[in-house]
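**Student:** First the structure, which I've put down as structure tokens, then a few questions once you've had a look.
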Ligand SMILES: Nc1ncnc2c1ncn2[C@@H]1O[C@H](COP(=O)(O)OP(=O)(O)OP(=O)(O)O)[C@@H](O)[C@H]1O
Ligand SMILES: [Mg+2]
């Protein structure tokens with residue numbers, strides 16, 4: 001760890017947030033609209049036939065899943081673009097030639113991307129209040145969990161951005177892997193509602209642990225024990241940090 | 001003068017296996033303007049990229065202001081400003097924001113007065129709030145110079161600063177470089193133009209195929225470059241050069257139709273008129289005369305020959 005260049009971290013962080021601010025209207029409207037649509041379709045149409053899941057009103061039940069879904073996509077998207085764009089436009093030369101360490105670079109880029117996805121997560125949380133009554137059982141755990149998720153998936157996005165050598169590579173993992181896993185991750189249903197071969201298979205889906213853990217912070221219970229969820233997030237954090245460390249040490253797809 | 005950059009045995013082999021630098025040794029003195037001349041693909045950009053941290057060296061070492069570029073990259077990079085060959089800019093950002101970012105990246109606190117001065121010096125102040133996409137190519141290059149200067153470097157690398165730049169801007173650039181030198185900044189620039197090296201540099205290095213072929217004071221090099229070749233197309237072919245012409249050291253071409261005389265344009269007596277008079281005296285007739293400037297190419301050729309001979 002070498003943290004000396006605080007001006008550099010602050011400059012990149014501000015610059016990245018500034019980039020987000022340029023498109024703040026779409027950036028904020030999209031989550032609000034998406035959430036509203038989900039509530040109309042799932043909360044209103046389906047929820048009217050399916051009043052409760054695990055003793056929780058269906059409208060409230062889907063809130064943690066919705067927040068998690070948007071935060072995962074936002075985190076991956078923002079963090080991967082944040083580092084891919086300089087690579088693509090060539091402005092990365094400046095980052096590579098600056099007296100800034102790998103750790104500082106990651107903190108700045110991942111910090112900025114995580115900030116944005118936390119803002120989006122909060123907006124969805126607030127929007128959801130317009131539709132349903134939500135009582136959060138463990139508010140601090142909830143905030144902490146959101147923070148952890150934002151950071152780990154921004155790290156993941158950062159890796160993707162360094163790895164990607166074209167726009168389609170940048171999209172392929174989020175679209176083909178993350179989105180399907182999130183849909184099947186119990187955002188809109190409880191894993192207990194599935195029949196057995198499916199139910200066991202679901203337990204191999206990592207997203208299940210995230211949504212379940214997040215749901216635990218809301219309602220005090222989830223599909224799997226909260227310890228497993230925390231374990232999973234911790235493992236993901238460590239893995240991502242290890243991969244990024246290796247990328248910077250070898251200059252993987254960064255240095256010629 | 002003390003040296004500010006020490007390059008020892010620097011080699012670079014790209015992932016493709018191509019050897020772009022084959023053991024370069026070079027030391028740059030503090031405060032000088034050093035011009036690196038060389039044809040396309042010689043390895044100029046590769047060398048600069050390694051010093052600045054954009055590419056990795058395969059072997060050898062570099063120190064900048066006493067800091068090893070790998071072990072003590074912070075110290076080395078803090079001293080360096082880089083204006084790369086290609087125009088890479090954040091198209092959608094405002095000029096002043098990207099210049100401020102550069103300063104921050106190099107660990108310096110915000111200093112609006114300093115940034116304003118740089119932008120004024122580069123005639124960019126009026127454009128400070130424009131997005132970079134709205135600027136012309138020459139202006140973009142100046143933005144890149146502003147970014148490099150924003151963090152007050154001791155050494156400035158300019159990789160082909162005048163490529164694609166009009167004559168007037170080229171003059172401005174030369175003036176700016178001269179002014180920077182006055183403030184004590186060491187400048188290393190690459191170019192294909194001898195004229196440019198002649199105008200600005202204190203010393204000139206010639207690189208070709210990854211090898212530094214020569215490093216010389218500009219004045220000494222200009223003497224070499226100042227040489228011209230006079231070719232005399234003879235009316236009748238000769239078997240051998242007459243002894244009377246020995247004094248001029250002329251050479252006869254293979255079929256005996258042409259003789260060549262190399263002379264120094266800067267010399268007080270070039271020997272051209274005396275040679276022609278002598279030819280007249282000897283009754284040697286000629287059909288045509290022409291002179292050509294020794295070009296950078298010629299220097300390469302002669303350097304390569306010297307190397308082979310050695
Ligand atoms: N990423 C790379 N992978 C493989 N070979 C490369 C790479 N970059 C450059 N080269 C090769 O290395 C050699 C030196 O390139 P370099 O860019 O250093 O030349 P240069 O002297 O700057 O030329 P120019 O005057 O055209 O800018 C060239 O033959 C080039 O093809
Ligand atoms: Mg070049």
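The values are calculated or read from the model by the stated rules, or taken from the named source; none is laboratory data. This is a predicted model, so every value here is computed, not measured. No Cβ is skipped: glycine too gets one built from the backbone with ideal geometry, and neighbour counts run over all protein chains shown.
**Student:** Can you find even one residue in the stretch B:137-151 that is in the same structural domain as residue B:33 (by TED's automatic domain parsing), outside any helix (DSSP H, G or I) and surrounded by fewer than 21 Cβ atoms within 10 Å (Cβ to Cβ)?
**Tutor:** no
**Student:** Right, here's the next one. Would you point out which residue out of B:18, B:34 is within 16 Å of ligand 2 (Cβ to nearest atom), more than 10 Å from chain A (Cβ to nearest Cβ) and free of Cβ contacts under 8 Å to residues at least 40 places away in the same chain?
**Tutor:** Result: B:18 is the single residue among B:18, B:34 that is within 16 Å of ligand 2 (Cβ to nearest atom), more than 10 Å from chain A (Cβ to nearest Cβ) and free of Cβ contacts under 8 Å to residues at least 40 places away in the same chain.
**Student:** Considering (1) buried (at least 16 other Cβ atoms within 10 Å of the Cβ); (2) on the phi < 0 side of the Ramachandran plot, say which one residue B:43 fails and leave the rest.
**Tutor:** In the conditions (1) buried (at least 16 other Cβ atoms within 10 Å of the Cβ); (2) on the phi < 0 side of the Ramachandran plot, residue B:43 misses (2) alone.
**Student:** Does residue B:55 meet the test of being within 13 Å of ligand 1 (Cβ to nearest atom), closer than 23 Å to residue B:194 by Cα and either touching a residue at least 12 places away in the same chain (Cβ under 8 Å) or in a loop (DSSP other than H, G, I, E, B) (or both)?
**Tutor:** no
**Student:** Still on this structure, please answer the following. Within the stretch A:140-163, identify whether any single residue is in a loop (DSSP other than H, G, I, E, B) and at negative phi, and answer yes or no.
**Tutor:** No, the stretch A:140-163 contains no residue that is in a loop (DSSP other than H, G, I, E, B) and at negative phi.
**Student:** Which residues, taken from the stretch B:29-50, are modelled with pLDDT of 95 or more, near ligand 1 (Cβ under 6 Å from one of its atoms) and under 15 Å from residue B:193 (Cα atoms)?
**Tutor:** Correct list: B:44 only.
**Student:** Now for a separate question. Looking at the stretch B:179-224, which of its residues are assigned to a helix (DSSP H, G or I), within 16 Å of ligand 2 (Cβ to nearest atom) and surrounded by fewer than 22 Cβ atoms within 10 Å (Cβ to Cβ)?
**Tutor:** B:196
**Student:** Let me confirm something: among A:113, A:98, which residue is modelled with pLDDT of 90 or more, buried (at least 19 other Cβ atoms within 10 Å of the Cβ) and within 14 Å of chain B (Cβ to nearest Cβ)?
**Tutor:** Of the residues listed, the single one that is modelled with pLDDT of 90 or more, buried (at least 19 other Cβ atoms within 10 Å of the Cβ) and within 14 Å of chain B (Cβ to nearest Cβ) is A:98.
**Student:** Right, residue A:6: within 30 Å of residue B:72 (Cβ to Cβ), surrounded by fewer than 16 Cβ atoms within 10 Å (Cβ to Cβ) and at pLDDT 80 or above or not?
**Tutor:** Considered against the rule, which asks whether it is within 30 Å of residue B:72 (Cβ to Cβ), surrounded by fewer than 16 Cβ atoms within 10 Å (Cβ to Cβ) and at pLDDT 80 or above, residue A:6 comes out as yes.
**Student:** Here is a follow-up. Suppose we keep only residues that are under 19 Å from residue B:136 (Cβ atoms) and in a loop (DSSP other than H, G, I, E, B) within the stretch B:152-178. Which one would you say is farthest from ligand 2 (Cβ to nearest atom)?
**Tutor:** The qualifying residue farthest from ligand 2 (Cβ to nearest atom) is B:166.
**Student:** Look through the stretch B:101-121, keep the residues that are buried (at least 21 other Cβ atoms within 10 Å of the Cβ) and at the interface with chain A (Cβ under 10 Å from one of its Cβ atoms), and return whichever of them is modelled with the lowest pLDDT.
**Tutor:** Here the residue is B:107.
**Student:** Hey, can you tell me all the residues within the stretch B:59-90 that are over 22 Å from the mean Cα position of the chain (by Cα) and within 16 Å of ligand 1 (Cβ to nearest atom)?
**Tutor:** Correct list: B:59, B:60.
**Student:** Continuing with the same structure: What's the total number of residues in the stretch B:88-100 that are crowded, with 20+ Cβ neighbours inside 10 Å and within 16 Å of ligand 2 (Cβ to nearest atom)?
**Tutor:** 0
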